[in-house]
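The values are calculated or read from the model by the stated rules, or taken from the named source; none is laboratory data. It should be emphasised that the depicted structure is a prediction, and the values quoted were computed from it without experimental measurement. No Cβ is skipped: glycine too gets one built from the backbone with ideal geometry, and neighbour counts run over all protein chains shown.
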């Protein structure tokens, strides 16, 4: 800025490039970086090292089943993206363009699949469309068939579940993108002579690209890590996640490591490729726009048709939830060949709350979700407080934006999101099955600690993203104002920072809690009898054909998730 | 003006990067004085304020308040009240809670908060939330909050920049009245000369991290210490070469002449009136000399018309050596 001053300044005696007090700033950052690295990165490195040992790699390369599973993972994930987009994007556009009675209610109902934890959604589909599910039985009864008209199995079944549960991402992202779209852009295109479709393809969709890319990335990563659907419906069709768990159950641990690393690699490559397509969001540069005007459907006939179609869709989306509720009311052994269960009672719930041992999984899930969420929140807050703050008034100070270790800390917090749950479960199991305190490894396998630890790792990106975003939006002047009014560090944090971060904390915590509560992927690898969570109990109930009990747990999970998410979204 | 230092800034410097340095800055501020720090953006005025508040620590130098060395003292223990540019009113607290924030340990925070709110004419606003207030009201709450713990020094960062221009002049007068009533030593930052002149007892002009001159508004305008101060404060014709010589300058000098120090005369520097801007009491004339220089002259609205040939003479010139700012 002032070249004239430079030589004199360089010689200035008062100038210290790194004053000693900075050590007190660097040490906590270093400490957090190391802790996160141990928690998040170290297990992956252990898995890679284990995979490289022995001839497991050779086995992996030579077996055609492995390549088939890997390829299946990739194409199922890509197909899931296409299907989810094909449902979610048009749906969002329609809700945005057309006005019909009940549009608002329906608009929020459409997001319902999101409150269904993955495994619960899968069993709901099983009860609904499975070979002994309601739909199959109905078809069987109507046509007088001797056996189920279809089997819900293989890639098609997996894709059905994925499409149902993942279109929500495309729907929500598209709606959010459309909400940011300035109506004047559309009007400008129309004034330049573009018709409805031209506007859609030449203006709207290109502007939505970042939103769509974001949704595609989310769906791809979710589908790649999806375990519940392939586990229940896969049958002989294996994807990488189920393949890994099967290999581990077979006792071929080194091979499971190689598979884990292979899946992780696919995830990382997928992430890198999709990130590139995301690009900068041109909409954020435009600021607040006026929402495009909605077109009310005026013709009564069309209006009625649209309304009916809308509610039919809602019913279709709600069917899994309703099915779950219905099956949870079926007493054990009372429903055999009838199309509709003959007896309904609350006996499944009563037994649950009468026998403490049956309630254990719920208690286990609750405490593990609570503890892991709290820990993830604390780590996220530490990351935010250390490297998440904006510089006051956009001034320099630290070289770079957030000072030392900002990049590593942010990357470590986000890393678990980039890797499927199975990868972390296997990596953690491998890391903590050896007692070697010098390399920071202890035997945690078989203890109740390992599963909540895995939940914590998986929760870290969720709370981290929310808290870091919260810190980024926090005007540093608030904390400075508190300091100038005599509040010390802790008082400032308690009286100003924490209250201002509350919405971000609530959003992050509720999402993390719900994710941990409904987890199946990591649980199936790491649970012990003493900490078996709800999802595992649902699975065991299904094995012994206690469908009602399984569904009752599913309903409880669903209700708790919805309530917690609702609380977290409150302003 | 002799100053007995209540606030002493002594050789303070802060280096942001090799190219961006603020200081060394030295400044003595008397008890009860209002000092304005004036400068273009990036001149370091806010840094000086933040160094005073304790949000930044200087790389060298010393800051003392009431004979106490506060250089290493954290902001929370400095007893400097600060009004932020965007006020930084805590959105989760109401007006009363905001004002009482710094009154922990006070015998009766509620009563004290009420008193200060009365001072800024906001009695009865205790239970309002900051977002329910107008910009001017928010500014007064911020002032009340800063004053409530009875700080030794009041610091204001661009206190009026967030207000509608129509509100600024009135608010400025009210602000000065409140500060003078409290009698608190005040430092405020602004990039607007009018604000600095109107509000400050003395004005410090900052440029590229250096304090170029500190003085009363009259001092700065009539006896600028540097070419930068001369041109940054008030309107100025900056002249060099032949035109400068014609108006009384010598070789190697840069002349600064205020528009009101130029006159149309019968003989002098010849020029052509290119533009005339009428402001009521007077008119501003753009006069082009034969050498192509442009002069701004304030004169009687009827003194000349566009296209007239005129002669210009200078009543008073400020001369600076060339090549220095």
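Among the residues of the stretch A:93-118, write down those that are assigned to a helix (DSSP H, G or I) and either under 18 Å from residue A:298 (Cα atoms) or at pLDDT 85 or above (or both).
Quick first cut of the stretch A:93-118, residues assigned to a helix (DSSP H, G or I) only: A:93-97, A:103-109, A:112-115, A:118.
A:93, A:94, A:95, A:96, A:97, A:103, A:104, A:118 - these are the residues of the stretch A:93-118 that are assigned to a helix (DSSP H, G or I) and either under 18 Å from residue A:298 (Cα atoms) or at pLDDT 85 or above (or both).
Quick check on this structure: which one of A:54, A:65, A:88 is in contact with a helix residue (DSSP H, G or I) (Cβ under 9 Å, 6 or more places away or on another chain), in contact (Cβ under 8 Å) with a residue 60 or more places away in the chain, under 30 Å from residue A:238 (Cα atoms) and not in a helix (DSSP H, G or I)? Step through it out loud before you land on a result.
Details: A:65 fails: not in a helix (DSSP H, G or I); A:88 fails: not in a helix (DSSP H, G or I).
Just one listed residue meets the conditions, A:54.
Among B:78, B:15, B:104, B:50, which is within 11 Å of another protein chain (Cβ to nearest Cβ), farther than 15 Å from residue B:141 by Cα and within 17 Å of the chain's Cα centre (by Cα)? If you could, list the steps in order and put the result at the bottom.
Values: B:78 fails: within 17 Å of the chain's Cα centre (by Cα); B:15 fails: within 17 Å of the chain's Cα centre (by Cα); B:104 fails: within 17 Å of the chain's Cα centre (by Cα).
It is B:50.
Matching residues to (1) under 29 Å from residue A:556 (Cβ atoms); (2) in the same structural domain as residue A:551 (by TED's automatic domain parsing); (3) at pLDDT 85 or above:
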{"residue": "A:264", "(1), (2), (3)": "no, no, yes"}
{"residue": "A:268", "(1), (2), (3)": "no, no, yes"}
{"residue": "A:303", "(1), (2), (3)": "no, no, no"}
{"residue": "A:322", "(1), (2), (3)": "yes, no, yes"}
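Would it be correct to say that residue B:205 is at pLDDT 90 or above, outside any helix (DSSP H, G or I), within 25 Å of residue B:259 (Cβ to Cβ) and in contact with a strand residue (DSSP E or B) (Cβ under 6 Å, 6 or more places away or on another chain)?
It is true that residue B:205 is at pLDDT 90 or above, outside any helix (DSSP H, G or I), within 25 Å of residue B:259 (Cβ to Cβ) and in contact with a strand residue (DSSP E or B) (Cβ under 6 Å, 6 or more places away or on another chain).
Could you go through the stretch B:84-96 and let me know if any residue there is at pLDDT 90 or above, more than 12 Å from every other protein chain (Cβ to nearest Cβ), within 30 Å of residue B:224 (Cα to Cα) and in contact with a helix residue (DSSP H, G or I) (Cβ under 9 Å, 6 or more places away or on another chain).
no
If a residue has to be part of a helix (DSSP H, G or I), surrounded by fewer than 22 Cβ atoms within 10 Å (Cβ to Cβ) and within 30 Å of the chain's Cα centre (by Cα) to count, how many in the stretch A:119-150 make the cut? Before the answer, list the steps.
Kept after step one, since they are part of a helix (DSSP H, G or I), are these residues of the stretch A:119-150: A:119-129, A:134-143.
Next cut, surrounded by fewer than 22 Cβ atoms within 10 Å (Cβ to Cβ) only: A:128-129, A:134-143.
If we keep only those that are within 30 Å of the chain's Cα centre (by Cα) too, we end up with A:128-129, A:134-135.
Selection size over the stretch A:119-150: 4.
Which one of A:445, A:467, A:496 is more than 14 Å from chain B (Cβ to nearest Cβ), crowded, with 18+ Cβ neighbours inside 10 Å and in contact with a helix residue (DSSP H, G or I) (Cβ under 7 Å, 6 or more places away or on another chain)? Before the answer, list the steps.
Working: A:445 fails: crowded, with 18+ Cβ neighbours inside 10 Å; A:496 fails: more than 14 Å from chain B (Cβ to nearest Cβ).
Only one candidate passes the filter, namely A:467.
Scan the stretch A:546-561 and give yes if some residue there is touching a helix residue (DSSP H, G or I) at 6+ places or on another chain (Cβ under 9 Å), over 22 Å from residue A:318 (Cα atoms) and surrounded by fewer than 24 Cβ atoms within 10 Å (Cβ to Cβ), otherwise no.
The answer is yes; a qualifying residue exists.
Sort through B:122, B:147 and tell me the only one that's touching a helix residue (DSSP H, G or I) at 6+ places or on another chain (Cβ under 9 Å) and within 30 Å of residue B:48 (Cα to Cα). Walk me through how you get there before you give the answer.
On the way: B:122 fails: within 30 Å of residue B:48 (Cα to Cα).
Testing whether each residue is touching a helix residue (DSSP H, G or I) at 6+ places or on another chain (Cβ under 9 Å) and within 30 Å of residue B:48 (Cα to Cα) leaves just B:147.
Every residue in the stretch B:258-275 that is buried (at least 20 other Cβ atoms within 10 Å of the Cβ) and either touching a helix residue (DSSP H, G or I) at 6+ places or on another chain (Cβ under 6 Å) or under 19 Å from residue B:194 (Cα atoms) (or both), please.
B:258, B:269
Scan the stretch B:53-72 for residues that are away from chain A (no Cβ under 11 Å), assigned to a loop (DSSP other than H, G, I, E, B) and surrounded by 20 or more Cβ atoms within 10 Å (Cβ to Cβ) and jot them down.
B:70
Looking at B:233, B:254, which one is touching a strand residue (DSSP E or B) at 6+ places or on another chain (Cβ under 6 Å) and either within 14 Å of chain A (Cβ to nearest Cβ) or over 14 Å from residue B:294 (Cα atoms) (or both)? I'd like the intermediate steps shown before the answer.
On the way: B:233 fails: touching a strand residue (DSSP E or B) at 6+ places or on another chain (Cβ under 6 Å).
Among B:233, B:254, only B:254 is touching a strand residue (DSSP E or B) at 6+ places or on another chain (Cβ under 6 Å) and either within 14 Å of chain A (Cβ to nearest Cβ) or over 14 Å from residue B:294 (Cα atoms) (or both).
Restricting attention to the stretch B:32-47, and to residues there that are assigned to a loop (DSSP other than H, G, I, E, B) and within 30 Å of residue B:231 (Cβ to Cβ), which single residue is farthest from the other protein chains (Cβ to nearest Cβ)? Spell out the reasoning first.
Taking the stretch B:32-47 first, the residues assigned to a loop (DSSP other than H, G, I, E, B) are B:32-33, B:39-44.
Within this subset, residues satisfying the condition of being within 30 Å of residue B:231 (Cβ to Cβ) are B:33, B:39-44.
Working: B:33: 20, B:39: 13, B:40: 12, B:41: 11, B:42: 7, B:43: 10, B:44: 10 Å.
Top of the filtered list is B:33.
Look through A:69, A:37 and report the one residue that is more than 30 Å from residue A:174 (Cα to Cα), modelled with pLDDT of 90 or more, surrounded by 14 or more Cβ atoms within 10 Å (Cβ to Cβ) and not assigned by TED's automatic domain parsing to the domain that holds residue A:237. Please lay out each step first, then the result.
Working: A:69 fails: not assigned by TED's automatic domain parsing to the domain that holds residue A:237.
Just a single option satisfies the conditions, and that option is A:37.
Could you run through the stretch A:529-555 and say how many residues are within 24 Å of the chain's Cα centre (by Cα) and more than 23 Å from residue A:340 (Cβ to Cβ)? If you could, list the steps in order and put the result at the bottom.
Taking the stretch A:529-555 and keeping what is within 24 Å of the chain's Cα centre (by Cα), we get A:531-539, A:550-555.
Okay, now just the ones that are also more than 23 Å from residue A:340 (Cβ to Cβ), so A:531-537, A:539.
Matching residues across the stretch A:529-555 total 8.
Quick check on residue A:54: is it surrounded by fewer than 16 Cβ atoms within 10 Å (Cβ to Cβ), assigned by TED's automatic domain parsing to the domain that holds residue A:204, at pLDDT below 90 and on the phi > 0 side of the Ramachandran plot? Explain how you work it out, then say what you get.
Values: surrounded by fewer than 16 Cβ atoms within 10 Å (Cβ to Cβ): yes; assigned by TED's automatic domain parsing to the domain that holds residue A:204: no; at pLDDT below 90: yes; on the phi > 0 side of the Ramachandran plot: yes.
Spelling it out, it is not the case that residue A:54 is surrounded by fewer than 16 Cβ atoms within 10 Å (Cβ to Cβ), assigned by TED's automatic domain parsing to the domain that holds residue A:204, at pLDDT below 90 and on the phi > 0 side of the Ramachandran plot.
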